[in-house]
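Take a look at the structure set out below.
The values are calculated or read from the model by the stated rules, or taken from the named source; none is laboratory data. Just so it is clear, the structure is predicted and the values come from calculations on it, not from any experiment. Cβ: placed from backbone, ideal geometry, glycine included. Neighbour counts: every protein chain shown. Please note that ligands, DNA and RNA were not included when accessible areas were found on the heavy atoms of the full protein model with its side chains. Shrake-Rupley method; radii C 1.70, N 1.55, O 1.52, S 1.80 Å.
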Amino acid sequence: MTGTTAVPILMYHAVGPDPAPATLGLSVTPEAFAAQMEVVAERGFTPLTTAALATAWRTGGPLPARPLLVTFDDGYEGVHRYALPVLARHSFASTVFVSTGWLPGRHATGGALDTMLDWAQVRELADAGTEIGGHSHTHPQLDQLDARRLRFETLRCREIVGEELGTAPASFAYPYGYSSRRVRRTVREVGFTQALAVGNALARRRQGPYALERVTVRRSTDVEEFTRLVEGRAIGRNFAADRVMTKGYALARRARGAVRGHWI
């Protein structure tokens, strides 16, 4: 497989039958997740970790015929309870990006939107072959932070994961998908070697290791739509409204950042 091949990177959040209202729209039921992973298996995809894909694209190393990534943002407890058994049944790799301040324990800052993984569960996920990545410390809009706070959010997250797991994370996902050249530079400087955005498009090597795009899986994503997403069909039409909103948000954030003097 060449580096020009597009790869679907699936972005999940909460997995559970009755998530908190704040996470409902970006959640999936356990039954839906299981059905979606059946589609992945039946279509002949091979799920990889974020680090494995980025390393292959960086070095020109080999990839399976149909690579795909299964990623989870924030670190919700249902990933361990409901998603892990399904992934294990299929021997699928995945990546969980944790917001370290949202997880219970001595690093907790509050602010979590739902029940989160504890560190014992994070370690069990890692022991099962799940890549644990960083998702900032308190889940802010990174492109709106000054340089000091931006470095703290990214570096502190990496330090805590390294302290808890014994290995510092290599992959990062931008909270809300928001980044800028300054944010991407900081993520690289603190030690992450690749990072994921959103974009709602297939990932390609030309996007660069710090701006790989993902497609959003929601509560409303049925099996037919999910199949189109992994096959790369009609993605633009599916996410047309999202893209209009994203452009509007980008203009507003750029204006705020310019006023604060740290948009680069």
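How much solvent-accessible surface does Asp222 expose, in Å² to the nearest 10, with a 1.4 Å probe and all protein chains in place?
Solvent-accessible area, nearest 10 Å²: 80 Å².
Share of antiparallel DSSP beta bridges in the chain, in percent to the nearest 5?
Details: 2 of 26 bridges.
Antiparallel: roughly 10 percent of the beta bridges in the chain.
So, for region 32-80, what is the accessible surface per residue at a probe of 1.4 Å, expressed in square angstrom?
With the other protein chains kept in place, region 32-80 gives 32 Å² per residue.
Just to be sure I understand: if I project the alpha-carbon convex hull of the chain onto a plane and average over all orientations, what area do I get in nm²?
13.0 nm²
With a bin width of 10 angstrom, please list the P(r) values of region 47-174 as percents of all Cα-Cα pairs, from the 0 bin to the one holding the largest distance.
P(r) for region 47-174, in whole percents per bin: 13, 43, 32, 11, 1.
Using a/c under 1.5 as the rounded threshold, could you call region 1-114 rounded, prolate or oblate? The axes a ≥ b ≥ c are square roots of the C-alpha gyration tensor eigenvalues, and prolate needs a/b larger than b/c, oblate otherwise.
It is oblate, given that a/c is not under 1.5 and a/b is not larger than b/c.
Tell me what the chain gives for mean residue ellipticity at 222 nm when only DSSP H runs of n ≥ 4 count, each as -39,500 (n - 2.57), the sum divided by the residue total, rounded to 500 deg cm²/dmol.
Rounded to the nearest 500, the figure is -11500 deg cm²/dmol.
How many Å³ per residue does the convex hull of the Cα positions in region 90-136 occupy?
Numbers: hull volume 3.7 nm³, N = 47.
Hull volume over Cα atoms, normalised by residue count, gives 78 Å³.
By per-residue mean of other Cβ atoms within 10 Å, what is the highest-first order of 130-142, 38-50?
So the order, starting with the most tightly packed, is 130-142, 38-50.
Please report, as a whole percent, how much of the solvent-accessible surface of the chain comes from carbon and sulfur atoms (probe radius 1.4 Å).
On the way: 5980 of 11270 Å².
Answer for the chain is 53 percent, counting heavy atoms of protein chains only.
Pop out the ³J(HN,Hα) list for region 184-195 in order, Karplus 6.51 cos²θ - 1.76 cosθ + 1.60 with θ = phi - 60°, rounded to Hz; leave Gly and Pro as x.
4, 5, 5, 4, 5, 5, 7, x, 6, 9, 7, 8
Taking amide hydrogens as modeled 1.01 Å from N in the peptide plane, which residues meet the under 5 Å criterion relative to Leu69, leaving out close sequence neighbours?
Here Ile9, Leu10, Leu48 satisfy the definition.
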